[in-house]
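So that we are looking at the same thing, I have put the structure below in structure tokens.
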Amino acid sequence: MSTTHLRSIAELGREGIVEVLRVTDSMVEVSGREIPKVPALRGRTVVSLFYEDSTRTRLSFETAAKRLSADTMTFSVGSSSVKKGESLRDTVLTIEAMGIDAVVVRHSSSGVPWQLSQWLRPGVSVINAGDGWHEHPTQALLDAYTISKEHKAGTLEGLRVAIVGDIKHSRVARSDVACFTMLGAEVTLVAPPTLLPPSLEGWPVRVSHDLDEVLHDLDVCYLLRMQNERMSEALVPSMREYTSLYGLTARRADRLGEGCIVMHPGPMNRGVEIAPEVADLPNAVITQQVANGVAVRMAVLFHLLAGEVADA
Amino acid sequence: MLEELLLRGGIVVDRDGTRAADVLVRDGAVAAIEPDMSAPNARILECDGCWIGPGFVDLHSHLRQPGQEEAETIETGSRAGALGGYTTLLAMPNTTPAIDSAAVVREVQALGASALCAIEVAGAITVGRQGDRLAPMAEMAALGVRLFTDDGSGIQDNRLMRRALEYAGPLGVTLAQHCEDEALAAGGSMHEGEVSSRLGIPGQPAEAEELMVMRDIALARLTGSPVHFQHLSTAGSVAMVRAAKAAGLPITCEATTHHFTLTDACCEGYDPHFKVNPPLRPADDVAAVKKGLQDGTIDAVATDHAPHTPDTKELPFDQAPPGMLGLETAMALTLGELDLVGDPVKLFALLSWNPAAILGLPRRDRLGVGMRADLCVVDPTVGWIVDPRKLASRSRNTPYAGRRLTGRVRHTVLRGEPVVVDAAATR
């Protein structure tokens, strides 16, 4: 087994991505069974450590772990010693002392999964469930899996993908760019300059400030959530203006290329980055993304932890 | 009564160059500088192969007293300083409470009286370092404060900074600036650029520093009062200072060791030990700072020694406090990174007599009989590895853990007292 952690897409690498997506097929099959459970991770303990609220992602990971027969623990920050001022390091070492095999961590600060992996004993896997603006690798994996299943091409190789919206603050965008381009897709970032990272040097992407210019030529139109607070930071003048320039309105949706699918990591702001009726079109695969989340996370847990079981 | 000291067998360094000579110290002062002296009653400090020069002066030490004694005290900080070859430290005023009144100045001076370095005190320019109204600079100057700064933040208000410079003029003191436009830097935990974009860490652009450098050069021109720029870190800042000096404006500046030895790429592992303000910059800026030090645009090397307790450096990167230790590593880094093994005069200029001049201390660029025996003996060849556990500072937040350095301070003499002998503090 080559990888201990999944902190970033780059850490997994193209080979790892392909492997996880291959295993995901089996996990989809497991999830479809009458009793959707296999003993692959029996005796393994997976802790979810969420410093930032995300019921959806946490439940998706916990469901995945349970379907593989792992024991799960939830460390919920709201009801914990963290509120009493316990440091990140002390919290993690306390959890480790209980005997665990993996930590699924979400934190509003970029880099926390790296810090955790410095403090934990070797052999405990750190799985990044979203760190600050940085990465959200399992989201990218489920996105890639969804594209490969929902787009008629059946692969990302050569597909034209636009990621639209607040790239600057988006961990989904950073992971998606890395994952999609490793799998051969051509990615265009579409956003006003204020919502792009200050530097895109080294990013294998094209940039556009004009959604209308790229629409007709797309295989995947990926919309990011637009947050209200961006206005107070003077990044956009108003939500109305944002929607008029970068929202996927019904009129724009009509102009999407033949076979183009529409994606969103959720939760959606209907009426802002995506028109309510567009989210419900047949080529919008947003619920499929959520559905694939569990299987992809099963594959990730299996990929990182099952080797150890075999060795034990 | 202090014992006599004989610093034997070294190479004396001052602005006139180098010469093989022994240095005899008596009653806290230099008594003789001659080759092959014999002093039967003196304690001998062997200096073979070493440079003997005036003690170093740090323009930028955070000694954390009063208020944050868990991170550093004047005693522990001055011990770190002495081990680094420093005989004078300028204590920054961002303490709790801030050094913004005669009473706090007196307290710090009293704490410094028994320290292992001479402790000079920097006063705050504004009350509580809040940037709203002027602190009583004249009262503090009367106690010997020669440099004022709100370090930790820059003075944002243009008019207030103008008034501060005008008011300070007749006091014969220097105002020093931490250059950072807070609106532009807001939320930034590292340098804004390629690395921060990739890491998803909020950045602060070089321009946040440069705008204030630009403004203060303009205000120095307007008021005629001297301005000292603290910890300059960008190519743009260095270029502006070079031009301002060429135009004859009363500008001086310092650079820290970390700004010419580390780049923003160090932040890639999200280790808060590399978080500092101003932030570590890309290689082009590092090269410009080095060039500025070499060509004299940057007058002095400073440490910005900023102790923080270990638990605070275990916070997430964006929540951890900025700052790193520097006193015990500055000399070796300056020697190595600026390639000064063949130019000890430059080394001592940057670490000793240039900062002393900025601080208005008695000249120390010529070693002569009668001057106060604040001396530092450098062995330029010995190698050592930085081990955070072995540092004298109360904190452990060095960014150089495990780094192999060449050159070490062998002895430090403060007012005739050997406070460091063979790289160990004597008290």
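Can you name the residue in region A:118-138 that is within 14 Å of another protein chain (Cβ to nearest Cβ) and out of contact with any Lys or Arg (no Cβ under 7 Å at 6 or more places or on another chain) and is also nearest to residue B:202 (Cα to Cα) among such residues?
Among residues in region A:118-138 that are within 14 Å of another protein chain (Cβ to nearest Cβ) and out of contact with any Lys or Arg (no Cβ under 7 Å at 6 or more places or on another chain), the one nearest to residue B:202 (Cα to Cα) is A:137.
Could you say which residue among B:254, B:268 is in contact with a Pro (Cβ under 9 Å, 6 or more places away or on another chain) and touching a residue at least 40 places away in the same chain (Cβ under 8 Å)?
B:254
In addition: Filter region B:163-216 for residues that are of a type in the set (Lys, Arg) and closer than 24 Å to residue B:238 by Cβ and give the result.
Answer for region B:163-216, where residues must be of a type in the set (Lys, Arg) and closer than 24 Å to residue B:238 by Cβ: just B:215.
Being farther than 20 Å from residue B:152 by Cα and in the same structural domain as residue B:117 (by TED's automatic domain parsing) is the requirement here; does residue B:327 meet it?
For residue B:327, the condition - farther than 20 Å from residue B:152 by Cα and in the same structural domain as residue B:117 (by TED's automatic domain parsing) - is not met.
Still on this structure, please answer the following. Any idea how many residues of region B:339-363 are in a helix (DSSP H, G or I) and either basic (Lys, Arg) or under 18 Å from residue B:373 (Cα atoms) (or both)?
Residues that pass the stated criteria total 10.
Can you run down the residue pairs with Cβ atoms below 6 Å, 6 or more apart or on separate chains, where the first is in region A:247-273 and under 18 Å from residue A:150 (Cα atoms) and the partner is small (Gly, Ala, Ser)?
A:262/A:284
Evaluate region B:67-79: report whether one residue or more is polar (S, T, N, Q), assigned to a helix (DSSP H, G or I), out of contact with any Asp or Glu (no Cβ under 8 Å at 6 or more places or on another chain) and touching a residue at least 40 places away in the same chain (Cβ under 8 Å).
The answer is yes, given that some residue of region B:67-79 is polar (S, T, N, Q), assigned to a helix (DSSP H, G or I), out of contact with any Asp or Glu (no Cβ under 8 Å at 6 or more places or on another chain) and touching a residue at least 40 places away in the same chain (Cβ under 8 Å).
Would you confirm, using the coordinates I've provided, whether residue A:49 is surrounded by 20 or more Cβ atoms within 10 Å (Cβ to Cβ) and either part of a strand (DSSP E or B) or within 14 Å of another protein chain (Cβ to nearest Cβ) (or both)?
Against the criterion (surrounded by 20 or more Cβ atoms within 10 Å (Cβ to Cβ) and either part of a strand (DSSP E or B) or within 14 Å of another protein chain (Cβ to nearest Cβ) (or both)), residue A:49 qualifies.
Scan A:222, A:242 and give me the residue that is assigned to a helix (DSSP H, G or I), hydroxyl-bearing (Ser, Thr, Tyr) and away from chain B (no Cβ under 14 Å).
One residue alone meets the criteria, A:242.
Search region B:277-311 for residues being in a loop (DSSP other than H, G, I, E, B) and small (Gly, Ala, Ser), and hand back the single one that is surrounded by the fewest Cβ atoms within 10 Å (Cβ to Cβ).
Filtering first and then ranking leaves B:296.
Could I ask something else about it? Check B:314, B:337 and return the single one that is in the same structural domain as residue B:271 (by TED's automatic domain parsing), in contact with a Phe, Trp or Tyr (Cβ under 9 Å, 6 or more places away or on another chain), touching a residue at least 60 places away in the same chain (Cβ under 8 Å) and surrounded by fewer than 22 Cβ atoms within 10 Å (Cβ to Cβ).
The unique qualifying residue is B:337.
Residue A:37 passes all but one of (1) surrounded by 15 or more Cβ atoms within 10 Å (Cβ to Cβ); (2) farther than 30 Å from residue B:309 by Cα; (3) over 18 Å from the mean Cα position of the chain (by Cα); which number fails?
Exception for residue A:37: condition (1).
Given the options B:225, B:197, B:189, name the one that is within 14 Å of chain A (Cβ to nearest Cβ) and in contact (Cβ under 8 Å) with a residue 60 or more places away in the chain.
B:189
Exactly one of these conditions fails for residue B:366: (1) surrounded by fewer than 20 Cβ atoms within 10 Å (Cβ to Cβ); (2) assigned to a loop (DSSP other than H, G, I, E, B); (3) within 14 Å of another protein chain (Cβ to nearest Cβ). Give me its number.
The number of the failed condition is (3).
Out of everything in region B:39-64 that is acidic (Asp, Glu) and part of a strand (DSSP E or B), what residue ends up being surrounded by the fewest Cβ atoms within 10 Å (Cβ to Cβ)?
The residue in question is B:46.
The values are calculated or read from the model by the stated rules, or taken from the named source; none is laboratory data. What you are looking at is a predicted structure, and each value in this text was computed from that prediction instead of being measured. Methodologically, a virtual Cβ is constructed for each residue, glycine included, from the backbone with ideal geometry; neighbour enumeration extends over all protein chains shown.
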